[in-house]
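The values are calculated or read from the model by the stated rules, or taken from the named source; none is laboratory data. Worth saying up front: this structure is predicted, and the values here are computed from it rather than measured. Glycine also receives a Cβ, built like all others from the backbone with ideal geometry; neighbour counts cover every protein chain displayed. Surface accessibility is based on the protein's heavy atoms, side chains included, excluding ligands, DNA and RNA. Shrake-Rupley method; radii C 1.70, N 1.55, O 1.52, S 1.80 Å.
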Amino acid sequence: MAITKNAYERYRILDRCFRKGEYQIQQLMEICNRELGYDDKGISRRTVYYDIDYMKYGPWEAPIEPRKEGNRRYYTYTDKSFSIENMPITEDQLKQIQSAIDLLRNFNGLPNLNGLSESLENTGLMVMNAKSKPCVGFEENEFVEGRQHLTPLFNAIQNETVLKITYEPFGEEAVTYCFHPQFLKQYNNRWYILGAAEGHEDQAWNLALDRIKSIENTTRPYKEMDVDWTEHFEDVIGVTNVKETPVEEVHFVVHGKTAHYIHTKPLHQSQRAHWLDPDTLDVKLNVKINYELKRILLSYAANITILAPQSLVEEHKETLKKALSQYQ
């Protein structure tokens with residue numbers, strides 16, 4: 001189970017490390033466990049990742065930047081004079097924390113955040129704002145199935161609990177898995193839980209929450225996947241990432257208003273584009289070809305011409321033929 005009661009001590013340990021040099025996540029995890037007197041299972045890699053994100057994006061705004069060397073990432077401060085010990089939380093930062101809590105509370109389905117607000121209020125650090133009102137809207141569908149699973153799945157990840165999940169894919173019979181939940185992700189207004197199914201630990205599975213029929217906690221030992229979830233999604237659009245699928249260059253031309261839309265809202269971070277004429281955009285992506293990419297390209301069918309790879313061109317053509325046959 002992730003250790004939370006010594007969070008500030010972990011921040012101080014990480015702070016000292018980042019001031020001294022560069023460290024990998026595994027090294028930081030071992031240092032935290034050693035200094036806090038835990039065994040190897042005391043603090044997980046995920047906990048260290050969360051701690052780094054909190055230090056970087058939370059009230060301290062610590063100058064932590066990873067340096068990538070091959071498949072390894074090293075973390076350090078870009079400014080070695082920085083220390084959280086010299087950065088007390090200000091009144092403005094406390095207000096930002098309360099605003100963030102209020103913002104997240106507006107999103108229905110996330111675990112209740114009232115406890116966090118009450119804890120801060122009890123310490124005298126924060127005064128609850130009774131006049132706060134929603135001012136940001138999330139893209140969500142409150143009637144979509146599966147939303148009731150968000151809280152138990154979130155808690156299972158935090159508490160490192162193995163679940164017995166009964167899952168029913170479209171058009172197939174329900175199957176029950178022993179599942180080690182690792183990461184929740186939303187894509188296209190749909191939530192997915194990613195993790196490892198027992199017997200298939202070498203591949204990250206994604207299960208759509210709306211196809212989950214039941215969830216039960218188990219007492220089986222939890223196994224954390226050695227996955228950097230930020231890196232996991234770098235080469236894909238959506239949530240489907242099959243480890244054996246290669247990254248390919250997808251080349252297509254977009255016409256008309258759609259070209260301007262894709263130019264201003266890239267389909268992927270690898271997108272490279274240039275104008276062939278005022279209404280024709282030449283686009284290249286370096287991604288794994290998955291279901292989500294194919295669906296996006298099909299959504300622009302009337303305004304797009306796929307040029308490569310040839311296997312994608314042929315599959316796209318066959319899909320368009322089947323669609324046209326519905327009107328014959």
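Per the 1.4 Å probe, what fraction of the accessible area of segment 26-69, in percent, lies on carbon and sulfur atoms? Of the solvent-accessible surface of segment 26-69, carbon and sulfur hold 47 percent. Applying the Karplus relation 6.51 cos²θ - 1.76 cosθ + 1.60 with θ = phi - 60° to segment 311-324 yields 3J(HN,Hα) values of 4, 6, 4, 5, 5, 4, 4, 5, 5, 5, 5, 5, 5, 5 Hz, where x marks Gly and Pro.
Surface calculation, 1.4 Å probe, protein heavy atoms: residue 20 sits at approximately 150 Å² accessible.
Measuring between alpha carbons in the structure, the pairs from 213/288; 56/213; 164/265; 80/265 lying more than 32 angstrom apart are 56/213; 164/265; 80/265.
Subtracting the Cα-Cα distance of residue 313 and residue 219 from 0.36 nm times their residue separation leaves 29.0 nm of extension gain.
Cα-based values for segment 266-326, radius of gyration first and Dmax second, are 12.3, 36 Å.
Between residue 264 and residue 280, the contour length at 0.36 nm per residue exceeds the Cα-Cα span by 4.4 nm. The GluC sites (Glu not before Pro) of segment 157-210 that DSSP puts in a loop, and whose beta carbon has at most 16 other beta carbons within 10 Å, are 172, 173, 198, 201. Roughly how far apart, in whole Å, are the Cα centres of segment 246-267 and segment 8-42? Their Cα centres are 43 Å away from one another.
Rolling a 1.4 Å probe over the protein heavy atoms leaves residue 227 with an accessible area of roughly 30 Å².
For the pair residue 168 and residue 79, label points projected 7 Å from Cα toward Cβ lie 5.6 nm apart. Shown are 279, 15, whose ranking by accessible area with a 1.4 Å probe and every protein chain present, most to least, is 279, 15. Paramagnetic label reach from residue 244 (point 7 Å along Cα→Cβ; backbone nitrogen cut-off under 19 Å): within segment 171-208, residues 196-206.
Note on residue 213: accessible area approximately 100 square angstrom, rounded to 10, probe 1.4 Å, nucleic acids and ligands left out.
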